[in-house]
Amino acid sequence: MTYLFQILNGLGLGMLYFLLAVGLSIIFGLLQFVNFAHGAFYLLGAYLAYEGVERGLSFWVAMPLAALVVAGLAALTERLLLRRVYQLPHTFHILVTVGLALVVQELVIIVWGPLGGNVAPPEELSGVLILGDFVYPEYRLFVIGFTALLAAGLWWLLDRTRLGAIVRAGSESPANMALLGYDTLRINTAVFALGAGLAGLAGALAAPIRGVEPFMGVEALGIAFVVVVIGGMGSYAGALAAGLLVGIAQSLMATLWPEGARLVIYLGMAGIIMAMPRGLFGRA
Amino acid sequence: MVPLLDRPLVQFGLALAAVLVLPLVMRSGTLASEILIYGLAVAACNLLLGYTGLLSFGQGIFFGLGSYVAGLGLVRAGLPAPVMLLLSLALGALVAAAVGWVSIRRQGVYFVMLTLAFSQMFYFLAYTFSGLTGGDNGLLDIPRPRLAGTVLADPWTYYAFVAVLFLGLFAALQRVALSTFGRTLLAIRDNEGRAGAIGYPVRAFKVAAFAISGAVTAFAGALHAMLIGVAPLSNIDYHTSETLLIMTIIGGSANLFASLLGAGAYLLAADALSAIWPRWLLLLGLLLIVITLFLQRGLWGLIEHAVALVTRAPPVDDPAPDRPVVTAPEVAPAPEALPGAETGRAPEVAR
């Protein structure tokens with residue numbers, strides 16, 4: 001029974017990892033840009049949701065609002081700063097986003113303090129679900145369901161709509177898109193905002209589960225990289241499968257060998273890379 | 001014609017001058033030793049980033065490894081410090097070769113993410129096996145080395161010990177960079193496909209670069225543990241890797257003295273700023289953004305510029321410090337991809 005509990009926990013965790021990783025993945029796919037500030041957007045989403053709830057907003061308002069504000073800030077950053085560094089070598093993509101992540105993290109500490117805090121789940125979901133012997137927090141069930149809907153919506157957006165077609169075509173050949181008359185600069189901004197907004201949403205959703213603290217961004221970045229490496233960069237299915245795999249593995253390990261939970265994740269990643277250098281779903 | 005500042009003797013002379021000047025201008029021997037130790041680790045990082053074009057987030061693994069090796073040997077096994085320093089060199093090379101061998105299976109961004117994931121893996125290894133590493137507390141009570149019967153307890157005495165080793169390894173790294181091997185690394189950095197087509201075993205060269213870099217980094221880590229008397233968990237964590245990379249880029253890539261400059265500038269600024277404002281990392285973040293936008297060749301590029309102004313020599317051609325690692329040519333034609341920049345780089349490879 002504890003295993004079922006942990007697997008459900010892992011599902012919720014894994015879906016959040018998926019949201020993080022898929023944002024990272026589409027930003028990289030279109031912009032060829034490694035975003036080391038991705039964890040910072042997650043951090044910001046969590047803190048904005050925290051602030052919203054503290055100020056008396058309902059979680060149902062604070063959560064989407066946090067994601068939207070993060071997306072807006074990301075769009076602004078892309079336009080004012082990142083756009084200037086696209087043509088530089090990758091070293092500088094990493095340097096500038098590492099710098100950005102530091103700035104965000106320190107600003108969070110300045111504004112909210114170094115200690116962090118807790119976010120109460122929304123009242124409607126603050127209870128537990130009881131099925132026989134089985135007790136499970138309702139909020140976590142909601143996260144699983146909500147993120148599953150979101151994942152389906154995202155798949156629809158990227159695979160079935162015109163915007164998705166543009167994004168995928170842009171990943172293949174930005175020069176051709178520009179030749180066809182698409183405003184690639186605006187598409188870049190939109191995609192960066194979408195990816196960052198997903199990270200922000202993951203942060204806001206995670207806040208009632210794990211609370212908020214200033215260093216959650218760094219941790220999330222590491223996990224997002226692992227998920228992308230295991231799943232294969234640029235693969236939606238890979239991000240989903242690897243996200244769930246990592247989430248469930250981490251939850252199961254939390255009962256089996258708590259101290260080694262993280263270690264096992266990274267060892268597993270090394271093993272998968274040895275066997276399949278492109279990741280589970282990676283393209284050539 | 002090799003630019004004056006890039007000549008090996010001038011570079012070594014600058015390093016020697018720095019080693020001699022630090023005791024005259026600095027009050028803290030500990031901080032001065034730290035500058036040399038980090039300078040060494042940063043020079044090793046530069047061998048990968050600047051010379052081979054490999055941006056690795058794994059340098060902290062080797063730095064931390066060196067600290068633990070020194071700590072375990074000195075505290076638990078009671079072995080003499082020289083043995084532990086040599087052992088840290090050997091183990092650093094070994095682990096770095098292994099990490100490198102797996103990581104270079106992927107290129108560009110994937111490579112970067114793999115090294116980052118490895119750095120996390122080793123961090124959690126150290127965290128999980130706390131019986132060996134002391135976990136969160138680190139390995140405590142690491143003694144200073146003994147030389148001719150005296151313990152190098154005084155900060156400046158230890159500084160002298162570090163300085164001699166620093167100069168030796170700095171010269172060794174210079175030899176590596178100037179050798180045919182080092183030149184081939186530059187060729188790999190500039191055009192991996194071509195280097196492979198000519199017949200160089202590119203992978204073996206990259207693994208070798210990793211091994212040398214890891215050995216020197218672990219050595220620096222061991223010196224650091226003896227300096228502060230602890231092998232802390234933080235020496236092996238992601239931030240150490242990140243800091244070493246930042247120091248490398250602040251200094252300037254593909255130039256060994258620039259690495260000492262980067263380490264010194266970072267540590268002195270950190271020391272001064274952290275005393276004034278606990279949130280100084282905010283300024284560091286802003287600095288990184290400014291460097292990316294305006295100072296891509298680092299402090300060394302600034303110095304080259306100043307020297308060019310003074311000697312009225314034609315300004316150094318400004319090639320970007322390193323090549324785009326993965327950017328496909330059709331993604332934004334980079335200015336450094338223009339023929340002019342190619343010629344600016346050519347003599348460096350040819351000499």
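The values are calculated or read from the model by the stated rules, or taken from the named source; none is laboratory data. The model shown is predicted, which means the values in this text are computed figures rather than measured ones. Please note: Cβ atoms are built from the backbone with ideal geometry, for glycine as well, and neighbour counts cover all protein chains shown. When the accessible area is computed, the model is the full protein with side chains, heavy atoms only, and any ligands, DNA or RNA have been set aside. Shrake-Rupley method; radii C 1.70, N 1.55, O 1.52, S 1.80 Å.
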Legend entry - Accessible area of B:D136 in the full protein assembly, 1.4 Å probe (Å², nearest 10): 110
Legend entry - Helix B:29-46 axis, angle to chain B major axis (alpha carbon atoms, nearest 10°): 40
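Which order do B:F166, A:F146 take when ranked by solvent-accessible area (1.4 Å probe, heavy atoms of all protein chains), largest first? Numbers along the way, then the final one.
Working: B:F166 5, A:F146 60 Å².
Descending accessible area places them as A:F146, B:F166.
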Legend entry - Prolate/oblate/rounded call for the stretch A:61-180, Cα gyration tensor, a/c under 1.5 rounded: oblate
Legend entry - Angle in degrees between helix B:339-350 and the longest Cα principal axis of chain B, rounded to the nearest 10: 50
Legend entry - Descending semi-axes in Å of chain B, equivalent ellipsoid built from Cα gyration tensor: 32, 24, 19
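Going from the alpha-carbon gyration tensor of the stretch A:133-284, what semi-axes, largest first and in whole Å, does one get by taking the root of 5 times each eigenvalue? Intermediate results must be reported in sequence, preceding the final value.
Details: eigenvalues 195, 81, 41 Å².
Values for the stretch A:133-284, descending: 31, 20, 14 Å.
Would you tally the net charge around A:L125, using a Cβ to Cβ cut-off of less than 13 Å, leaving A:L125 out, and scoring K and R as +1, D and E as -1?
Numbers: positive: A:R140; negative: A:E123, A:E124, A:E138.
It works out to a net charge of -2.
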Legend entry - Test item: Cα-centred dipole of chain A, Lys/Arg +1 and Asp/Glu -1 on Cβ, debye: 860
Legend entry - Viscosity 0.890 mPa s, temperature 25 °C, Stokes-Einstein D of the protein assembly as shown from Kirkwood C-alpha radius, µm²/s: 96
Legend entry - Dipole of the stretch A:97-226, positive direction: furthest Cα of A:L149, A:F192, A:G217, with charges on the beta-carbon: A:F192
Inset, instruction - Mind pulling the angle between the C-alpha long axis of helix A:38-54 and the longest principal axis of chain A? Nearest 10 degrees, somewhere in 0 to 90. - result: 50
Inset, instruction - Starting from the Kirkwood radius over alpha-carbon pairs of the stretch B:44-188, derive D by Stokes-Einstein at 37 °C in a medium of 0.692 mPa s and give it in µm² s⁻¹. - result: 193
Inset, instruction - Run through all the Cα pairs of the stretch A:14-215 and give the fraction in each 10 Å bin from 0, expressed as whole percent. - result: 9, 33, 32, 18, 6, 1, 0
Legend entry - ³J(HN,Hα), Karplus 6.51/-1.76/1.60, whole Hz, each residue of the stretch B:157-163, x for Gly, Pro: 5, 5, 4, 4, 4, 5, 4
Inset, instruction - Run the numbers on the stretch B:46-64: which residues show a drop of 10 Å² or more in accessible area, chain on its own versus all protein chains together, using a 1.4 Å probe over heavy atoms? - result: B:L55, B:F57
Inset, instruction - Determine the distance separating the Cα centre of the stretch A:5-31 from the Cα centre of the stretch A:84-100; give it in Å without decimals. - result: 24
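How much of the accessible area of the stretch A:217-284, in percent, comes from carbon and sulfur atoms when a 1.4 Å probe is used? All intermediate terms of the calculation are to be shown ahead of the outcome.
Values: 1740 of 2450 Å².
For the stretch A:217-284, the apolar C and S fraction of the accessible surface comes to 71 percent.
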Inset, instruction - At 7 Å along the Cα-to-beta-carbon direction for both B:A148 and A:S173, put a label point, then send me their distance in nm to one decimal. - result: 7.2
Inset, instruction - Round to a whole angstrom and tell me the spacing of the C-alpha centers of the stretch B:116-179 and the stretch A:125-147. - result: 50
